[in-house]
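One structure below.
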Amino acid sequence: MKFSVESVVIERLAPLLDGGRYPIKRIIGEDLEVEADVFKDGHDVVAAALLWRKEGSKNWHETPMQPLVNDRWAATCSFYDEATYEYTIQAWPDFFASWREEFVKKFKAGLENLWSEMLEGAALVEKAASLSGESDDKVQLLTLGQKMRAASPEEVFAMATSAELNGLMTAWPDKSLASTFPVYGRVRVQREKAAFAAWYEFFPRSAEGKPDSGSRFRDCLPRIDDAKRMGFDVIYFPPIHPIGETNRKGRNNSTTCEPGEPGVPYAIGSKHGGHKAVEPALGTLADFDWLVKEIQKRDMEIALDFAINCSPDHPYVAEHPDWFFKRPDGSIKYAENPPKKYEDVYPLNFHNPDWKALWQEMTDIILFWSKRGVRIFRVDNPHTKPVAFWEFLISEVHKKYPDVIFLSEAFTRPKMMRVLAKAGFTQSYTYFTWRNSKQELAEYFTELTETEMADYFQANLWPNTPDILPLFLQQGGRPAFLIRSTLAATLSPVWGMYSGFELCENAAVPGKEEYIDSEKYQFKGRDWDAPVNIKAHITALNRIRHENRALHEYRNLRFHRADNEHILFYSKVTKAADNILLIVVNLDPFHKHGAHVHVPLELCGLTASEMFQAHDLLSGERYLWHGPLNYVELDPHLRPAQILRIRRWAGKESDFDYFH
């Protein structure tokens, strides 16, 4: 064992994800609050600082830490670049503060002979002068040290307690016995859209809603403009690559494909190319580039699906047959998820002898599309590939394009979902799709937002996907769509929906959570303005999200008591409490329910006797409330939810002020 002169103990640095193995996540401009236990033997005063720097930099930024209680210390820093940073704690005995504390006690006690103590103080000041190098402070410190040697106890007391001397001594501490926490924490800093965005997914071949023929890239603008009007800012496309011909699937996943049927976009690769090409039926790469620019002109972004699937016709099959799994007879094995079979897809073997070339090629695919202006990727089934592969790919991509966002579509075991987020995925799908009851929702989202998960796992909430039509939507009719969209848009700053949700599409394969006549297998006919649509509700949700900063934050979700098991009651409040939202949702799509809700007055900055207004941002209605117990009634067919912004009453009912 090696020993050193370090005298301060530093323990329990937080946040520290898996002992520093993985970085936590923050957004540009967002604070990182760091805490640690800091203490030492004896009665010396201790000083501590939070150190942080961009990975690869030699120089640390530093900010003083402040004591909390029971030897717990804290400090806050912010980041303004998309990069990975590292941080740690340094602590040291504060010799001057310890001397000052002792001298002040003795002076106030009336002790007469303080000559030795005064000389000790002068020596500490002169030591600080030597540490200040050639700075402007050096002369001032030397002068103060000389004065202290010749001063009276009263004069030394005045100097020791002066802001001038204490500021100088804080600036030039003696760190000869400093301790540094041996493990660096890391934080991945990303742009705002990593933490606040609304996604809209549609198949470009179904953009026009024609039942018997497909649309092209240049036909997509009306669908994109409609999504823009609803308030979405990310347009997400399933795979746009050439679709294989061999074993092509037909309508409703039939193994027989009739002439003219388009095939499954996830069976990637044909004579027209693989993952770096586009399906000719959609247009050309030039058409795609045009569409990317049109989307950007609308202050939106495009997200592409990164599906690591290969059809039997993919160029990799001929060029790199060893990249695939083989059967005993030497033939390539197609994908299976019993009882499902995917005869039109060959999975890649990430542990084949040529794995390095495969990993690099997959990385090059992302770099290829990033160069064309795509900086968001939804990754299909990442849990079926090695975690180490994703660490490699994401880190390599971020070296060149630090603004790239990765969404993990891993509906799998909790620990695998969590480790993928740790390994670098910016956002993650969740179990929200199947959490319907009050208890399920409160327990799950408390785990997501109030535990260590909140430091690395950013939930992207989807009430439906092309693969999943939950029973709640199948059975609950239009009210179910209103309820689930409200929950998705307010429980997390990032949410998305698959097209058709706004039309309340809920026709399912009998006994399954799958769409019948799914557009994964066929062209989809739609009337985008069908009377049953809930576009106005979705537009209102996204407008409210943009106008209320409390909905931009992730870790501020809190659940509160409502005296009815069908009423979910929660809040979103900014740190400064200048934007306070109380949200109530009827979770029953069939029946009206009322409840007394227990308003968290302290969180709202209210007293028990104070009147306040609850302004429903969805309906525009305003209610005058008083005290902690207030009543709500929600009809799922007319008003399944309320998003209430709290306003303080200034004396008369017409005179309210927003909290600020």
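The values are calculated or read from the model by the stated rules, or taken from the named source; none is laboratory data. Not measured: the values here are computed from a predicted model. So basically every Cβ, Gly included, is an ideal-geometry build from the backbone, and we count neighbours across all protein chains shown. For the accessible areas, the whole protein counts, side chains as well, though only heavy atoms, and no ligand, DNA or RNA atoms are used. Shrake-Rupley method; radii C 1.70, N 1.55, O 1.52, S 1.80 Å.
So the values come out like this:
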| read-out | value |
| --- | --- |
| Gain on full stretching of the segment that runs from residue 355 to residue 399 - 0.36 nm per residue minus C-alpha separation | 13.7 nm |
| Estimated [θ] at 222 nm from DSSP helical runs (n ≥ 4, -39500 (n - 2.57)) normalised by residues in the chain, nearest 500 | -8500 deg cm²/dmol |
| Hypothetical label at residue 166: residues of the range 34-48 whose amide nitrogen lies under 12 Å (7 Å Cα-Cβ projection) | none |
| Shape of the chain, Cα gyration tensor, a/c cut at 1.5 | oblate |
| Probe 1.4 Å, all protein chains present, accessible-area order of 251, 648, 378, 413, largest first | 413, 251, 648, 378 |
| Extension gain, residue 437 back to residue 299 (0.36 nm per residue minus Cα-Cα distance, nm) | 46.0 nm |
| Area of residue 45 that stays accessible when all protein chains are in place (1.4 Å probe, Å², to 10) | 40 |
| Three-way shape call for the range 468-582 based on the alpha-carbon gyration tensor, with the a/c threshold at 1.5 | prolate |
| Phi to ³J(HN,Hα) by Karplus 6.51 cos²θ - 1.76 cosθ + 1.60 over the range 87-102, Hz, x for Gly, Pro | 8, 7, 10, 10, 9, 7, x, 8, 4, 5, 4, 5, 4, 4, 4, 5 |
| Of 406, 357, 388, farthest towards positive along the dipole that unit charges on Lys, Arg, Asp, Glu beta carbons give the range 348-407 | 406 |
| Residue order for 631, 266 - accessible surface, 1.4 angstrom probe, largest first | 631, 266 |
| Anisotropy class of the range 211-347 from Cα gyration tensor, a/c 1.5 cut | prolate |
| Under the Karplus curve 6.51 cos²θ - 1.76 cosθ + 1.60, θ = phi - 60°, whole-Hz ³J(HN,Hα) for the range 171-182, x wherever Gly or Pro sits | 6, 10, x, 8, 9, 4, 10, 5, 10, 10, 4, x |
| Gained length - residue 471 relative to residue 331, 0.36 nm times residue gap less alpha-carbon distance | 46.5 nm |
| DSSP beta bridge pairing in the chain, given as percent antiparallel to the nearest 5 | 75 |
| Packing-based order for 368-374, 169-175, using average beta carbon neighbours within 10 Å, highest first | 169-175, 368-374 |
| Dipole of the chain, positive end: most advanced residue of 107, 264, 39 [Cβ charges, Cα centre] | 264 |
| Computed over the chain: relative contact order in percent, which uses C-alpha pairs under 8 Å that are six or more apart | 10 |
| Heavy-atom accessible area ranking, 1.4 Å probe, most first, across 637, 383, 43, 241 | 43, 637, 383, 241 |
| Pairwise FRET efficiency - residue 261 versus residue 319, Cβ, R0 = 30 Å, nearest 0.05 | 0.60 |
| ³J(HN,Hα) computed for each position of the range 61-78 - Karplus, 6.51 cos²θ - 1.76 cosθ + 1.60, integer Hz, glycine/proline x | 7, 9, 9, x, 9, 10, x, 9, 9, 6, 6, 9, 10, 8, 7, 10, 9, 10 |
| Label point at residue 532 placed 7 Å out along Cα→Cβ; residues across the range 465-487 whose backbone nitrogen lies under 19 Å | 465-486 |
